[in-house]
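Note sheet for the following structure.
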Amino acid sequence: MVTTRNQQVARIDYESDRDIAEPVTSRVIAEIGARLGAASVVVVSDYAKGVITGPVMQFLARETTARGLPLVVDPKIPHLALYAGATLVTPNHHEAEAATGMRIRDVEDARAAARALRARSGARRC
């Protein structure tokens with residue numbers, strides 16, 4: 001609904017968050033592969049909209065490792081297992097607590113949570 005002053009009052013969106021399927025997955029991987037030669041780092045922002053899938057992340061982990069490129073992931077916690085091979089996974093405070101089941105109140109808590117998160121996500125050591 002839009003008011004007479006062109007202000008949006010209410011909005012309802014419908015979208016699919018299902019994982020992309022073939023042949024879209026192959027096209028996404030091909031597009032990423034075509035651009036990796038110019039990259040010095042790869043950053044993945046996972047919005048849980050279906051693009052960051054197992055095959056996409058496996059390709060990225062394999063190729064960034066082979067090319068010596070850092071792979072940085074801004075995660076969605078339900079997808080944590082997909083990030084194996086990432087160099088760095090960067091959850092916010094609440095995501096880190098949810099992923100590890102730990103309360104983070106100080107630096108030592110944060111260190112312990114980081115170690116647990118690295119183990120759980122399969123992130124590689126630098």
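The values are calculated or read from the model by the stated rules, or taken from the named source; none is laboratory data. Quick caveat, the model's predicted, so the values are computed rather than measured. Cβ coordinates were reconstructed from backbone atoms using ideal geometry, including for glycine residues, and neighbour counts include every protein chain displayed. The accessibility values were calculated without ligands, DNA or RNA, using every heavy atom of the protein model including side chains. Shrake-Rupley method; radii C 1.70, N 1.55, O 1.52, S 1.80 Å.
Return yes or no: is Val89 modelled with pLDDT under 95 and of a type outside the set (Ser, Thr, Tyr)?
Answer is yes for this residue.
Search the range 29-44 for residues that are assigned to a helix (DSSP H, G or I) and pair each with any residue that is open to solvent by 40 Å² or more (accessible area, probe 1.4 Å) when their beta-carbon atoms are under 6 Å apart and the residues are at least 6 apart or on different chains.
Within 6 Å, the pairs are Leu36/Glu63.
Residues in the range 91-126 that are among the polar types (S, T, N, Q) and surrounded by fewer than 16 Cβ atoms within 10 Å (Cβ to Cβ): how many? Walk me through how you get there before you give the answer.
Residues of the range 91-126 that are among the polar types (S, T, N, Q), as a first pass: 92, 100, 121.
Right, trim to surrounded by fewer than 16 Cβ atoms within 10 Å (Cβ to Cβ) and you get 92.
Total meeting the criteria: 1.
Taking the stated definitions as given, is Gly50 surrounded by 11 or more Cβ atoms within 10 Å (Cβ to Cβ), at positive phi and touching a Gly at 6+ places or on another chain (Cβ under 8 Å)?
For Gly50, the condition - surrounded by 11 or more Cβ atoms within 10 Å (Cβ to Cβ), at positive phi and touching a Gly at 6+ places or on another chain (Cβ under 8 Å) - is not met.
Are there any pairs with C-beta distances below 8 angstrom linking a residue in the range 1-16 that is at pLDDT below 75 to a residue that is surrounded by 10 or more Cβ atoms within 10 Å (Cβ to Cβ), with the two at least 6 apart or on different chains, and if so which?
From the range 1-16, the pairs are Gln8/Val2; Val9/Val2.
If you scan the range 1-47, which residues turn out to be in contact with a Gly (Cβ under 9 Å, 6 or more places away or on another chain) and open to solvent by less than 50 Å² (accessible area, probe 1.4 Å)?
Scanning the range 1-47 gives a single hit, Ile20.
Looking for whichever is under 21 Å from Arg27 (Cα atoms), part of a helix (DSSP H, G or I) and open to solvent by 60 Å² or more (accessible area, probe 1.4 Å) here; the options are Pro55, Pro78. Which one fits? Show your work before the answer.
Working: Pro78 fails: under 21 Å from Arg27 (Cα atoms).
Of the residues listed, the single one that is under 21 Å from Arg27 (Cα atoms), part of a helix (DSSP H, G or I) and open to solvent by 60 Å² or more (accessible area, probe 1.4 Å) is Pro55.
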